[in-house]
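Here the structure is laid out as structure tokens; the discussion comes afterwards.
The values are calculated or read from the model by the stated rules, or taken from the named source; none is laboratory data. The structure displayed is predicted, hence computed values, not measured ones. Cβ coordinates were reconstructed from backbone atoms using ideal geometry, including for glycine residues, and neighbour counts include every protein chain displayed. When the accessible area is computed, the model is the full protein with side chains, heavy atoms only, and any ligands, DNA or RNA have been set aside. Shrake-Rupley method; radii C 1.70, N 1.55, O 1.52, S 1.80 Å.
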Amino acid sequence: MTTSRGKENTGQGEKKDLFVEYTTDRRTGCYLSRFQVSCLILGNLFILCTAVALVAFVKKERVIYGTSMPDALCSCETPKPYANATLEYYYVKNQTASVTAWSENLVEVENTTLANGSVRQEKEETNVIPEEEVVAPAYEPWKTIRLSRDLLPLLYDIYLKVDLEKLTYRGSVDMYLNCTKNSRFIIFHISHLYYEKNSVRVVNNATSQDLEIVTQFRYVRNQFFVIELRSELSAGTVYRVSVGYYGYLHEDLRGIYLSKYVTPSGETRRLAATQLQSTDARKLFPCLDEPDMKAAFRLTLTYQEEYEAISNTPRKSECIENGWKTTTFQTTPIMSTYLLAIVISDFAHREVVLDNGYDIRVWSQPDKINQTEYAIGIISQCFKFFTEYFNITDVLNKTDHVAVPDFSGGAMENWGLVLYRETALLYEPGVSSSENKLMVTLIIAHEVAHTWFGNMVTMAWWDDLWLNEGFASLLMYFAMDAIYPEWNVFTLSVVAKEVFPVMVKDALTTSHPVSTPIATPDDIAESFDSISYSKGMAVLRMLMGFVGKEDFQKGLRMYVTKYKFQNAKMEQLWDTFSEAVDNQYDIRSVMTTWTRQMGYPVITMRAQADFFHLTQNRFLLDNNNETDVNGSSDSFTWVVPFTYITEDDDGVQLIWMNESSAVIPRTKDRWILANHEFIGFYRVNYEVSMWGKLAEQLHLNHSVFPEANRAGLIGDSFNLARAKLLHYDVALNMTTYLKHERGYAPWTAFMDSVEYIRSSISKSGAYVLMQKYLRDLVAPVYDSLDMTMEGVLPERYLRQIILKLACEVGHKRALKYAKEMFNRWMREGMTLPSDYSAVIYTVGVMEGGLEEWDYVWNRSQATNVAVEREMLMNALGQSQKPWLLWRYANWIFDPDRIRMQDVRMVISYLSKRPLGRMISLHLLMTKWDKLNEQFGFDNFLLREMIGEVTQFVNSEFEHNQLSTLFKDKPPKVARKETLNSLALIKANINWMNENYDVITKWLRNHVSGML
């Protein structure tokens, strides 16, 4: 196009142009002729019309349909910077070269931050097909989240070359698929992978004949890759689908990812590890990535020769050539895709071989190998226990357990290669506390239990995730109880640390059933929560309570034997249990009421003549909340195994409440204690007079009640009061005996219950009264204890929590002890008693300033014991200097200071005290965009952060701010948690309005020496 340019005019008048006339003056700037202006207007109109047509073309769905798979086609979940929607491709009428001639090449650039902070531009090329050639297909099987069962995988033959210098991986996969129904479509999963040009092939495995591919495209919404063939696949025939691909290693803790550690000499070392649960196998290799699409896996890895690779199965062969090592592994047993695992590192390992030849190895950074001794002993004992418990041996002949420096969860049960974060596997005597020892033992037992329940037998779909996690969470306590019977873990940990906390969450209208529908991949990620783990475990424990331990074990053995190498649904489990108990109970009818509906009942006991009448209602913390989208609370009923003992008879009685009311005999002027050992997943509300009799018995001789029930009385009464079903003075009266209590569980139940009150009133005058009441309770207990490291675990646990509470409420003797110990540690290098070191660090930071804070931070970075680092980092969050806390909070965005796996812990540490809670809430609201951008893809991090930060918020102003924030900018994988938090805040507001005056009055009547 020709344009005209005028020469600079100095006021000499008009100048003729060949096409148009224009005038100029002395104003500076850009001079345009009328013709140029007209061209600009017409050009802009043309661009606008083109843009409108293009928007109309791409608006329908985020999906690509194309005639070929060009070079470097990337499956990425996030929208690209250049557009709000992915280009759409539909089938073309005439699939010939003439159509391709219409194409333009489009390069899509995605900026990816590397480990060193530089930016790599990743290109995605594809072809644009003219809109007039588009024809929408009539049959679109890729529109549903679930794969069809027309093709079932038999074997994946995977080759992968991992370059830990360039941070790339390149591979190929041959998928051997059995056709069960004639079809022209092949659909499998992909995510964050680039495809090699012309690498996709479909071959008849029997005849080696290639099948002609008509179209191939990706459907981003469901992370699908779709192939349409010219001719149909034949049922009963095996086909080989081959794909070449490559990808990049990132520090995102998903799929195959980069991790790093620093050696004692200061050298940074790299490693590659995998985390594929729940839907990230597709990020490692193209596959049919659903739990019931089980197959065998044959894996070959190539990597730099200075590293060593391990996978699910033992090494089959290995060779080295030109600085690269190639390892081929034995074929795995039939298993789900999410259980495949790889670690490529320079780690050291410790090894033991059991009498039956089973090989156990534990891996860690070389300078931490001494911290693996405890773990390998527990792993050995757990495998022996579960092999005998199930009467089934592991089909593999080895297991590797690896402490990974960066890991998103606590651990992952990959069959034959279990991965842990370091604090979950490593234990250092003299540094790690007794609590750390318990947690390491529990997590190891949990992961080993998955060998049978999860790996051999797997849930059919993610809506029954709780079958995997609930059973593993219960079975780990079986192993613990067998290995350490003196620990009393069912009371110490199950009731106090699992059941009580999850009952609070499950009492919200925004809870969900343990078996919950899954509609999107994000729903899968959100199902990994305490409802699946802890409530799943609790209802299974209740099942064991009424069928008995022997029949429970019998049912599990029958189930694993029957469905070994298969997938099973919840109903199949219940039917197996009914068979195990000779149909004495209709297990399916009973347990469905606990797994298909959310929440749990409160059983109300009312005396009438010679009987107690029992009625059930759904227990809700906030009965005023009208946001329950899951139906009226009146429609919820359960089949309840109601147990009780009486003052005259300590024999346990069982009566069934079959979704209705019931009656039991009444003895006048005698107490009755329900839910023996707190095995049932329900609360009990007595008449006020009965609560008085139970409180009186606690004062006379509290040991008459089992420790779990003493804890249960405190937990039930405070939660009933919180729900306005009981007066707070009744609940508080249940605590006055505690100065005589030496059991861990009741004190834990009390501290958890009263923490809600303390946090709610922390900005009011009643807080001083509460601190004084707690000091009066805990002082005689603290003064009666010696701060030694002797005794069984429950005794050591008690000393820890009593010291912690005594310091929190300002007991002078406890504070003096902690401050003296901190100063000796800081000034003299004294080794602290490991059970109390966390409290001592915290007191030192709370009472200190910048010098103490910086010293603790530097020690946290210098230690090679992960547990010690966590204790030190926890203490840093307890400072009472706002600027130090704000600095610490902002460091979560700096991976050089806070590893991504530690971010949620730092937020948890900050949220433990009033000042820290204010700062963490401010961080959440002011840095929400940055939090979502940096951590929004993590399945756990943002969800747990929201819960921690908002759990004690109780003002309308903050509720409205958060509600607007969550509505305008919803997080990707934490939607349910935002609803939970808003519902809880509403309940908090109502609680404050209704209970503050009552509690203040009770405290004034029970605290001496206060105005």
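Taking max minus min of the alpha-carbon positions on each principal axis, the stretch 844-889 gives extents of 29, 18, 13 Å, largest first. Cα centroid separation, the stretch 513-529 to the stretch 307-335: 35 Å. Using the Cβ of residue 358 as centre and a radius below 10 Å, the other residues enclosed give a net charge of -1, where K and R count +1 and D and E count -1. Backbone amide hydrogens, once placed in the peptide plane, bring residue 335 within less than 5 Å of 295, 296, excluding anything fewer than 5 places away on its chain. With kT/(6 pi eta Rh) evaluated at 37 °C and eta = 0.692 mPa s, and Rh the Kirkwood radius from Cα pairs, the stretch 485-621 diffuses with a coefficient of 193 µm²/s according to Stokes-Einstein. Taking Lys and Arg as +1 and Asp and Glu as -1, the other residues whose beta-carbon sits under 13 Å from that of residue 822 total 0.
Taking amide H as placed 1.01 Å from N in the peptide plane, the amide H of residue 250 sits under 5 Å from that of 258, each at least 5 places away or on another chain. In the stretch 666-792, Cα pairs under 8 Å separated by at least six residues give a relative contact order of 22 percent. Here the relative contact order of the stretch 600-683, from alpha carbon pairs under 8 Å that lie six or more residues apart, stands at 35 percent. Each peptide in 952-962, 703-713 gets a packing score, the mean of other Cβ atoms within 10 Å over its residues, and the list from highest to lowest is 703-713, 952-962. The loop-placed GluC sites (Glu not before Pro) in the stretch 834-864, going by DSSP, include none that has at most 12 neighbouring Cβ atoms within 10 Å of its Cβ. Taking a sphere under 9 Å around the Cβ of residue 515 and counting the other residues whose Cβ falls inside, with K and R at +1 and D and E at -1, yields a net charge of -1.
Loop-located GluC sites (Glu not before Pro) in the stretch 713-816 (DSSP state other than H, G, I, E, B) with a sparse environment of at most 10 neighbouring Cβ atoms within 10 Å: 790.
Packing around the peptides 531-540, 965-974, taken as the average count of other Cβ atoms within 10 Å per residue, puts them in this order, highest first: 531-540, 965-974. Taking amide H as placed 1.01 Å from N in the peptide plane, the amide H of residue 603 sits under 5 Å from that of 683, 684, 685, each at least 5 places away or on another chain. Gain on full extension, evaluated as 0.36 nm per residue between residue 617 and residue 669 minus their Cα-Cα distance, stands at 16.1 nm.
As an equivalent ellipsoid, the stretch 600-683 spans semi-axes of 27, 13, 11 angstrom, where each value is the square root of five times an eigenvalue of the C-alpha gyration tensor, largest first.
Across the stretch 951-1011, counting alpha-carbon atoms alone, Rg and Dmax equal 16.4, 52 Å. Pairs over the 20 Å Cα-Cα cut-off, from the set 819/881; 398/549; 161/294; 772/812; 772/881; 505/881: 398/549; 161/294; 772/881; 505/881. Listed peptides 884-894, 468-478 appear in the order 468-478, 884-894 once ranked by packing, highest mean of other Cβ atoms within 10 Å at the front. Taking only the Cα atoms of the stretch 143-346, the radius of gyration and Dmax are 17.5, 62 Å.
Carbon-plus-sulfur accessible fraction, the stretch 143-346 (probe radius 1.4 Å, protein heavy atoms only): 43%. The stretch 363-437 and the stretch 750-828 have their alpha-carbon centroids 33 Å apart.
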